[in-house]
Amino acid sequence: MIVRAQFFAQLRDTVGTAEKTVELAEDATVSDLLAKLYELTPALRAWDKTILVGSGVEFVDRKYALRPNEEIAIMPPVQGG
């Protein structure tokens, strides 16, 4: 299946683009998506412990089952002011 990952803030700079389209197995989870993204952009792995992942308007965990053509937001930790 195809999933679209969108990157925000410093992660966009790390990846070098605002969006990547990734092909994954039909039963893929967020963990699978992150593994593929780390393979494509090894520097992104440095953010692994703090990355936030969202689908729609909700944050999701790494066990979240992805759906075909889903848009997934990949964000750095939220900071307040």
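The values are calculated or read from the model by the stated rules, or taken from the named source; none is laboratory data. None of these values were measured; they are calculated from a predicted model. Here the Cβ is made from the backbone with ideal geometry for all residues, glycine too, and neighbour counts use every protein chain on show. Surface areas here come from the heavy atoms of the whole protein model, side chains and all, with no ligands, DNA or RNA. Shrake-Rupley method; radii C 1.70, N 1.55, O 1.52, S 1.80 Å.
I need the GluC sites (Glu not before Pro) found in the stretch 1-31, filtered to DSSP loop residues with at most 12 other beta carbons within 10 Å of theirs.
Numbers: sites: Glu19, Glu23, Glu26; in loops: Glu26.
Answer in residue order: Glu26.
Using alpha carbons only, how many degrees (0 to 90, rounded to 10) separate the axis of helix 30-40 from the longest principal axis of the chain?
In the chain, helix 30-40 runs at an angle near 70 degrees to the longest axis.
How many Å² of accessible area per residue for the chain, probe 1.4 Å?
Working: 4970 Å² over 81 residues.
Counting only protein heavy atoms, the per-residue value for the chain is 61 Å².
Could you please tell me the mean projected area of the C-alpha convex hull for the chain, averaged over all directions and given in square nanometres to one decimal? Can you show the working numbers first?
Values: hull surface 20.5 nm².
Over every viewing direction, the Cα hull of the chain projects on average to 5.1 nm².
Below 8 Å between Cα atoms, with a sequence gap of 6+, how large is the relative contact order for the chain in percent?
Values: 128 pairs, mean separation 34.8, N = 81.
Reported as a whole number, the value is 43 percent.
When all protein chains stay in place, what accessible area (Å², nearest 10, 1.4 Å probe) is found for Arg4?
We get 80 Å² for Arg4.
Ranked from highest to lowest mean number of other Cβ atoms within 10 Å per residue, what is the order of the peptides 54-60, 7-13, 33-39?
Details: 54-60: 12.4, 7-13: 15.3, 33-39: 17.4.
In decreasing order of mean packing, 54-60, 7-13, 33-39 become 33-39, 7-13, 54-60.
How much of the DSSP beta bridge set in the chain is antiparallel, as a percent to the nearest 5?
The answer is about 75 percent antiparallel.
Students sometimes get this wrong: rank Leu40, Leu52 by accessible area, probe 1.4 Å, all chains present, largest first. Working shown, then result.
Values: Leu40 90, Leu52 50 Å².
So, going from the largest accessible area down, we get Leu40, Leu52.
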